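The values are calculated or read from the model by the stated rules, or taken from the named source; none is laboratory data. Here the structure is a predicted model, which means the values were calculated and not measured. Methodologically, a virtual Cβ is constructed for each residue, glycine included, from the backbone with ideal geometry; neighbour enumeration extends over all protein chains shown. With ligands, DNA and RNA removed, areas are computed over all heavy atoms of the protein, side chains included. Shrake-Rupley method; radii C 1.70, N 1.55, O 1.52, S 1.80 Å.
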Amino acid sequence: MAIQLFDSLERKIKVLSPSHPDGVFRFYNCGPTVYAPAHIGNFRTFVVNDVLRRLLELEFGAAKVKHVRNLTDVDDKTIRRAREEGRPLADVTKQWTDKFHADCAALNCLPPHVEPTATGHIKEQVDMIDVLMQKGNAYRAADGSVYFKVTSFAGYGALSRVKERELQLGSALSGKSQAADADEKEDVSDFALWKAHKPDDGANAWDSPWGRGRPGWHIECSAMSKKHLGETIDLHTGGVDLLFPHHENEIAQSECCNGSQFSRHWYHSEHLLVDGKKMSKSLGNLYTLDQLKEMGHSPMALRYALLTGHPRKQLNFTLDSLHAAESALKALRAFRATLPAVGGDAAIFTPVFAALNDELNTPGAFGALFTIVNRGPQGISLDSFDRVLFALGLNLDVTTPKAEVPAEITALAAKRWAAKQAKDFAAADALRKELTAAGWSMLDSKTDYKLEPLKK
RNA sequence: GGCGCGGUAGCCAAGUGGUAAGGCCGAGCUCUGCAAAAGCUCUAUGCGCCGGUUCAAUUCCGGCCCGCGCCUCCA
């Protein structure tokens, strides 16, 4: 079953396929900047890309997919963070890289096959800039920085339609860019390939033919993609915000440098909104995985919730959606427990995969899955069900962490159980009321009982 | 101002030119000393508004209203 995905460049739905003779599908996903914990909006993109990675493996075979996701470990934000904390840059980026990895693992995201860093590929970046200089696509400005000359690339703007945008520059853009622009660029549209060292950069500088400095943001993806996947890749993905300027600039750099098509397919996932707005610190609606965990939500519930919206549509995240996800996962877990190991008809799940392969329609896939689940377990076995879980990346063994039961609650529960055994129901009911007042629920079975915090 | 996306039940959210998936919540029932859990059942004559095309539109076309995102280093 072919995987179809919208291509942001050609603006149409296309079938994914490998182009290299080795049959390996080359997939590059723009990764995070490691200066702070990633928020759940970042993880929406990574979880969506993880589902894509899993589908690619199912489609082409696990050995025939090469997935690269970079780490941006040198830029204004990482350097500023290091400076503010008085620590070496590498310390800061190591800390947040480790955190990112831990969060990804908790969300059951498969690690990429290669996870290159910008600082680990200075030479590759310098080499590309060198070629761009030789070919006349770049110039060194008076401040020592090297810029890409946008007018030198006729194809500039094809991805983001930036040319149409510039026909009528609104006040918002012109005011902003003039205020922020202290560079020596020949044209406001030009962007930095190599940034000359400034005092605020501290020790974070490397030698280059154009003097000490550091690479611009955009060139890292071009260089790392080229090194690990070759000049032409099969798919390049990221969040919509990267469409312009980041991906537009990548295309310009790579195609001018290599003289060949950069990526055969571009895919951008939409943003996560919280309470109807984009997440931001100033709005106070920015969540991290740790915050949700502290509220008692499991990472798997977040993964599920992040997949309940179509990846190409903004998804409005609410805390309620985590409760819904938790309940849905519980139902899937209960269903799975009723299944025999083998012997089912895998074709039953065709509608689920059809939805996933049709532009990663994860909400449609969940709908199809529950339609099947609601019909009952007849004809379904564990192997085929687990294939669905694999594609969605749902690990049903992950449950909400159990809350610690205070000693006094344990004692009350024991007293009530004793009263119940003695058929003193009045006392048992009174004790249940006490437990309820204390925020605990006692779940009786025939022979035993469990304690759970009351649901809010 | 430009570019892009969207408005479907209390909430979240698929989808289709032929009469609305699914999850949550809620209600009822079964079960249970009670409660919870679990199981079963029910819950949009309706898909932002107004026109048009059509035998038929939520789905196509036009207009309008509203919301959101992006517009130089934010996934």
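Could you work out the percent of alpha carbon pairs in the stretch A:4-269 separated by over 35 Å, rounded to a whole number? Everything past 35 Å amounts to 15 percent. For the pair A:A346 and A:S17, a Förster radius of 25 Å applied to the C-beta separation gives a FRET efficiency near 0.60, rounded to the nearest 0.05.
Output wanted: per-residue J couplings in Hz (rounded whole) for the stretch A:99-107, from phi through Karplus 6.51 cos²θ - 1.76 cosθ + 1.60, θ = phi - 60°, x for Gly and Pro. Once rounded to whole Hz, the list reads 5, 4, 4, 5, 5, 4, 5, 5, 8.
Scanning residues 5 or more positions from A:N316 or on other chains, those with amide H under 5 Å from its amide H are A:L273, with H placed 1.01 Å from N in the peptide plane. Roughly speaking, to the nearest percent, how much of chain A's 1.4 Å accessible area is carbon and sulfur? Of the solvent-accessible surface of chain A, carbon and sulfur hold 54 percent. For chain A, the relative contact order is 17 percent, taking Cα pairs closer than 8 Å that sit 6 or more residues apart in sequence and dividing their mean separation by the residue count. Within the straight-line cut-off of under 27 Å between alpha carbons, the lysines reachable from A:K64 are A:K12, A:K14, A:K226, A:K227, sequence neighbours fewer than 8 places apart in one chain being disregarded.
Cross-link reach is defined here as a Cα-Cα straight distance under 24 Å, omitting same-chain residues fewer than 8 places apart; for A:K277 the lysines meeting it are A:K77, A:K176, A:K293, A:K313.
Packing, taken as the mean count of other beta carbons within 10 Å per residue, orders the peptides A:338-349, A:243-254, A:73-84, A:264-275 from highest to lowest as A:243-254, A:264-275, A:73-84, A:338-349.
With 0.36 nm allotted per residue and the present C-alpha distance subtracted, the A:D200-A:Q314 stretch has 37.3 nm of extension available.
3J(HN,Hα) couplings calculated from phi for the stretch A:198-205 with the Karplus curve 6.51 cos²θ - 1.76 cosθ + 1.60 (θ = phi - 60°) are, in sequence order, 10, x, 5, 6, x, 7, 8, 8 Hz; Gly and Pro show x. In the context of the full set of protein chains, chain A has a per residue accessible area of 46 Å² (1.4 Å probe). Provide, for q = 0.06 Å⁻¹, the log10 of I(q)/I(0) from a solvent-free Debye sum over equal Cα point scatterers in chain A. Evaluating at q = 0.06 Å⁻¹ gives log10 I(q)/I(0) of -0.34. Of the two radii for the stretch A:69-117, the radius of gyration is 1.03 times the Kirkwood radius, both from the alpha carbons; that is the Rg over Rh value. Summing +1 for each Lys or Arg and -1 for each Asp or Glu among the other residues whose beta-carbon sits under 10 angstrom from that of A:L307 gives +1.
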